[in-house]
Amino acid sequence: MRVFLVDDHAVFRSGVRAELSRETDMEVVGEAGGVAEAVAGINSAKPDVVLLDVHMPEGGGVAVLHGIDSGPVCLALSVSDAAEDVIAVIRAGARGYVTKTISGAELADGIRRVAGGDAVFSPRLAGFVLDSFTGKSPVPEPPLDPELDSLTPRELEVLRLLARGYTYREIAEKLFISVKTVETHASNVLRKTQQSNRNALTRWAHRRRID
């Protein structure tokens with residue numbers, strides 16, 4: 001089972017790597033400490049499971065979930081047990097959420113379970129997700145936005161970088177893709193959002209707080 005670690009604390013990553021090295025059916029195939037590095041690394045390594053920190057600069061775990069290709073399942077691993085954090089990463093596509101108080105054996109078991117299709121949560125966190133589906137959650141549902149929802153994870157990542165003012169070449173370097181591929185994604189984003197040029201697209205993104 002191929003595992004990728006994402007956490008902005010190198011010491012914590014080392015600890016998790018050491019714990020998982022004891023498992024004969026697991027191999028850590030990569031790690032990253034930031035969003036862009038994580039997206040590029042995950043898309044390149046193509047792991048089975050991603051252990052994903054929630055709070056990191058440049059958008060955190062949610063930004064990673066939006067940026068990676070489909071394929072790996074993601075298990076959030078965080079110090080936070082706040083309802084808004086749990087619900088945000090589950091809405092973004094994570095398969096489970098456990099806190100960093102979990103033991104090494106419990107973490108390994110959680111990895112196996114999400115890889116097998118189960119949803120995994122630390123005690124009481126599952127209630128936040130159930131409340132979200134039943135309308136009892138204190139965290140409001142995001143408004144429907146068909147144009148935004150039509151974007152692929154990669155197109156959304158390109159949109160974020162465009163909104164921050166990066167050039168096509170800079171985006172290509174950050175995402176480890178060609179300039180031509182960036183141009184294609186940007187063209188798709190303009191078409192799907194019905195914006196006429198980059199300036200209009202940037203204003204559109206800022207109104208939706210995509211930056």
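What to note about this one:
- Alpha-carbon centroids, region 156-204 and region 1-77: separation in whole Å: 25 Å
- Taking every protein chain into account, the accessible area of the chain amounts to 50 square angstrom per residue (probe 1.4 Å).
- Nearest 10 degrees, 0 to 90: helix 104-115 Cα axis against the chain principal axis: 50 degrees
- Model label sites at E170 and A10, defined 7 Å from Cα along the beta-carbon direction, differ in position by 2.6 nm.
- Residue-span extension gain [Q194 to R207] - 0.36 nm each, minus C-alpha spacing: 3.2 nm
- Seen against the Cα atoms of the chain and their longest principal axis, helix 10-20 is set at about 50 degrees.
- For region 34-113, carbon and sulfur atoms together expose 51% of the accessible surface, with a 1.4 angstrom probe and every protein chain in place.
- In degrees, nearest ten, helix 35-45 long axis to first principal axis of the chain (Cα): 70 degrees
- Protection-proxy order for peptides 150-160, 7-17, each taking the mean of Cβ atoms within 10 Å per residue, highest first: 150-160, 7-17
The values are calculated or read from the model by the stated rules, or taken from the named source; none is laboratory data. Given the structure is predicted, the values throughout are model-derived calculations rather than measurements. Here Cβ is always computed from backbone atoms with ideal geometry, including for glycine, and neighbour counts include all displayed protein chains. Protein only, heavy atoms only, side chains kept; ligands, DNA and RNA dropped before computing areas. Shrake-Rupley method; radii C 1.70, N 1.55, O 1.52, S 1.80 Å.
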